[in-house]
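Peer 1: Structure provided below as structure tokens; questions to follow.
The values are calculated or read from the model by the stated rules, or taken from the named source; none is laboratory data. Here the structure is a predicted model, which means the values were calculated and not measured. Don't worry about glycine lacking a Cβ; one is built from the backbone with ideal geometry, like all the others, and counts go over all protein chains shown.
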Amino acid sequence: MARVKRGFKARRRRNRVRKLAKGFHFDRSTQYRWTAETVKRALHYSYISRRLKKRDMRRLWIIRISAAVKLLGSTYSKFIGSLKAKNIQINRKMLSEIAATDMDGFRAIYEATK
């Protein structure tokens with residue numbers, strides 16, 4: 001049998017990794033050994049960060065809602081509890097947007113929970 005050279009397959013695999021390393025500095029973008037290691041780490045961090053972003057956004061929404069409710073003379077936990085008791089189904093993202101941009105609308109929601 002004839003010998004099979006790995007040129008095409010190996011090059012294609014390396015180029016796939018190098019494409020992901022676009023913008024990396026020095027050997028991290030040119031030498032495959034360092035490129036592969038750095039890309040692997042970068043992909044891992046991006047996986048983690050997608051989950052952290054969700055946590056951070058939820059924290060931001062809660063802080064916004066809490067600040068708006070304090071202006072109206074109550075607390076966040078009491079407000080959320082009364083929303084659930086009155087069966088008003090509006091998520092924290094929308095509540096925070098309303099609190100940040102339309103205080104009159106937020107006040108109407110707050111009054112509806114009383």
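Peer 1: Could you please find all residues in region 1-36 being small (Gly, Ala, Ser), part of a loop (DSSP other than H, G, I, E, B) and at pLDDT 90 or above?
Peer 2: Once the filter is applied, which keeps residues that are small (Gly, Ala, Ser), part of a loop (DSSP other than H, G, I, E, B) and at pLDDT 90 or above, region 1-36 yields Ala21, Gly23.
Peer 1: Which residue pairs have Cβ atoms under 6 Å apart, sit 6 or more places apart or on different chains, and have a first residue in region 1-19 that is closer than 20 Å to Lys40 by Cβ and a second that is at pLDDT 90 or above and surrounded by 10 or more Cβ atoms within 10 Å (Cβ to Cβ)?
Peer 2: Final answer for the pair search is Arg14/Tyr32; Val17/Thr35; Val17/Ala36; Val17/Val39; Arg18/Thr35.
Peer 1: Does any residue of region 82-95 turn out to be surrounded by 15 or more Cβ atoms within 10 Å (Cβ to Cβ), in contact (Cβ under 8 Å) with a residue 12 or more places away in the chain, touching a Phe, Trp or Tyr at 6+ places or on another chain (Cβ under 8 Å) and assigned to a helix (DSSP H, G or I)?
Peer 2: The answer is yes; a qualifying residue exists.
Peer 1: If you don't mind, there's one more thing I want to ask. With (1) basic (Lys, Arg); (2) surrounded by 14 or more Cβ atoms within 10 Å (Cβ to Cβ); (3) within 30 Å of Tyr110 (Cα to Cα); (4) over 26 Å from the mean Cα position of the chain (by Cα) as the list, and Arg64 as the residue in question, which single condition is left unmet?
Peer 2: If we test Arg64 against (1) basic (Lys, Arg); (2) surrounded by 14 or more Cβ atoms within 10 Å (Cβ to Cβ); (3) within 30 Å of Tyr110 (Cα to Cα); (4) over 26 Å from the mean Cα position of the chain (by Cα), just (4) comes out false.
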